[in-house]
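The values are calculated or read from the model by the stated rules, or taken from the named source; none is laboratory data. As the structure is a computational prediction, the values presented were derived from the model and not from experiment. Using ideal geometry, Cβ is built from the backbone for each residue, glycine included, and neighbour counts are taken over all protein chains shown. For accessibility, only protein heavy atoms count, side chains too; no ligands or nucleic acids. Shrake-Rupley method; radii C 1.70, N 1.55, O 1.52, S 1.80 Å.
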Amino acid sequence: MNYKEKMLEKLKALKHKSEVLILAFETSCDETSIAVIKNGREILSNVVSSQIDIHARFGGVVPEVASRNHTMAIVNVLEESLKQAKVTLNEVDAVAVTYGAGLIGALMVGVNFAKAIAYANDLPLLAVNHIKGHIAASYLAFQKLEPPFVCLIASGGHTAILKVTDYINHIKIGSTLDDAVGEAYDKVARILGLGYPGGPVIDKLAKKGNNNIKFIMRDNLLKTNNVSYSGLKTAVMNYVNNKKQKNEEIIIEDICASFQSAAIDILVEKVIRVAKKQKLNSIVLAGGVAANSYLRERIDIRCSEENLTAYYPQISMCTDNAAMIGAQAYYNLINEVGLADLNLTPVPSIPL
Ligand code: KG4
Ligand code: ZN
C-alpha cells in the first residue's frame, strides 16, 4: 500500500469516529493561523498571528515579506494552538491546510509545514480551498446552518455570488468583472491616504460622513448578477484630483460614506435578487468584507423586508483564520474529498 492508499484507509475509518480533531493551517496571505477544530463545528483553538502592522508601512502586503514572517511565526503559533486546545499531536486525527488561492510563497510555508506534521505523525492531509473555508466560517458560528444557501463571497481577492448546493459543491451565479470589493476598499483608502488595510478604516469613517457624493457603479450591469469596481475606484480618484486642483475642501468621511454606499448597495440588491430567483431563504456573507458594518446592516434590513435570513460570522471569523479551514476540512473528510499526499503544491489562483 502506498502512502496515499494508507491515508485513504485512515480517512475512511475516521468517518465512523464520534470525535474527529483536525489541526488546520492557513497562511495564504498575511495571517499565520493554526486551529484545532472538533467535528467541523467546534473551535478548540484558533490562533491568528497577524502581519498587518508589518505590511501597513508598505501600503499593502509584500509577498516576500509575508513568506518570511510565516516562516518565523509558524512554530510558535502551532505550540500556542495546541496549548490552547489542550491537545497533543498524538490526539489529532487529521491535518488540513489551505493550498490556494493566495500568495504562492506564503501558501508554500503552510503547505510544507502541514505536510511535515502529517508525515511525521502518520496523519491524513486534507487540502482546502481558501474560499470554501470562508464559506465554512458560518458553520462554526451557526450550528444549525446547512446548505443549500446563497453565499456572497466578499474578500480582498474575490467577489462572487454563489449557490452553495452542499458542503462540497457550489455554482457561481455572478462575480466581479475586474477588482474585488475588498481590493476597491484598499485602493480607495490608498487614494485618501488612509493606510492599509482600507476596509476597517473606511467602515469607521463612513459612519461620521454623509452619503452625498454620487459615485456611480457601471449601470449597464444592473440587469446581470455581475459587478464591476474599477470604474468606482476611478470615480473616487477623479473626484479627489478634481477637488485638489480647484483647491476645494475634501471631506474624507463623506467620500467614505458615498463610496461605501455605491460599493455595497448594489451588491446587496443582487444577492437578494439571486436568493429570490433561486428560491433559497438563507443568505451567508463570507470573506473579509463581510466584517463591514454597513454591509451587515443593509443585508439585515433587506432580508427582513424580503422574509429571508442573513447569516454572517463574528468579525474575527470573517477575515483569514485557520478555524474556517478546519471546518471545511471536516466536510472534505466526510465526503472523501481533497485527500492530499506529499506531492501537494500550492495553487495561487483557483477559479470559483
Ligand atoms: O478575506 P480576507 O481577510 O482576505 C482575502 O482572502 O482576501 O479579506 C481582506 C479584505 C481586505 O481588502 C480588507 O480591506 C477587507 O477585507 N476588510 C473590510 C473590513 N475588514 C476587512 N472591508 C470593509 N469593511 C471592513 N470592516
Ligand atoms: Zn481570505
Subject >> Checklist (1) touching a Cys at 6+ places or on another chain (Cβ under 9 Å); (2) assigned to a loop (DSSP other than H, G, I, E, B); (3) outside the structural domain of residue 329 (by TED's automatic domain parsing) applied to residue 168, failing item >> reply: (1)
**OP:** Please give the number of the condition residue 136 fails out of (1) open to solvent by less than 40 Å² (accessible area, probe 1.4 Å); (2) closer than 21 Å to residue 322 by Cα; (3) more than 16 Å from ligand 2 (Cβ to nearest atom); (4) not basic (Lys, Arg).
**Re:** (3)
Original post:
For the range 11-124, which fully contained strands (runs of 3 or more DSSP E) count at least 1 residues that are open to solvent by 10 Å² or more (accessible area, probe 1.4 Å) and closer than 23 Å to residue 344 by Cα?
Top reply: 21-26, 31-38, 94-100
Original post:
residue 258 fails exactly one of the following numbered conditions: (1) away from ligand 1 (no atom under 16 Å from the Cβ); (2) farther than 21 Å from residue 313 by Cβ; (3) crowded, with 20+ Cβ neighbours inside 10 Å; (4) polar (S, T, N, Q). What is the number of that condition?
Top reply: (1)
Subject >> Residue match in the range 168-191 (condition: within 18 Å of residue 315 (Cα to Cα), touching a residue at least 40 places away in the same chain (Cβ under 8 Å), β-branched (Val, Ile, Thr) and touching a strand residue (DSSP E or B) at 6+ places or on another chain (Cβ under 8 Å)) >> reply: yes
Subject >> Qualifying positions in the range 47-68 - at pLDDT below 85 and among the acidic types (Asp, Glu) >> reply: 53
**OP:** Need at least 3 residues that are open to solvent by 70 Å² or more (accessible area, probe 1.4 Å) per element, so show me which helices (runs of 4 or more DSSP H) inside the range 176-246 make the cut, counting only ones lying wholly within it.
**Re:** 230-245
Original post:
Does residue 95 count as in contact with a helix residue (DSSP H, G or I) (Cβ under 8 Å, 6 or more places away or on another chain) and either hydrophobic (A, V, I, L, M, F, W, C) or at positive phi (or both)?
Top reply: yes
Original post:
For residue 276, all conditions in the list (1) crowded, with 18+ Cβ neighbours inside 10 Å; (2) over 19 Å from residue 203 (Cβ atoms) hold save one; what is the number of the exception?
Top reply: (1)
Original post:
When you scan the range 269-307, how many residues do you find that are free of Cβ contacts under 8 Å to residues at least 60 places away in the same chain and touching a Lys or Arg at 6+ places or on another chain (Cβ under 8 Å)?
Top reply: 3
**OP:** Scan (1) assigned by TED's automatic domain parsing to the domain that holds residue 222; (2) closer than 15 Å to residue 139 by Cβ; (3) more than 15 Å from ligand 2 (Cβ to nearest atom) for the single condition residue 290 breaks and write down its number.
**Re:** (3)
Subject >> Residues located in the range 312-330, provided they are away from ligand 1 (no atom under 12 Å from the Cβ) and crowded, with 20+ Cβ neighbours inside 10 Å >> reply: 322, 323, 326, 327, 328, 329, 330
Subject >> residue 297, sole failed condition from (1) assigned by TED's automatic domain parsing to the domain that holds residue 48; (2) open to solvent by 50 Å² or more (accessible area, probe 1.4 Å); (3) on the phi < 0 side of the Ramachandran plot >> reply: (1)
**OP:** With respect to residue 333, determine if the residue is in a helix (DSSP H, G or I) and closer than 28 Å to residue 45 by Cβ.
**Re:** yes
**OP:** For residue 196, indicate whether it is modelled with pLDDT of 95 or more, hydroxyl-bearing (Ser, Thr, Tyr) and under 25 Å from the mean Cα position of the chain (by Cα).
**Re:** no
**OP:** For the range 55-94, name all the residues that are hydroxyl-bearing (Ser, Thr, Tyr) and under 27 Å from residue 337 (Cβ atoms).
**Re:** 81
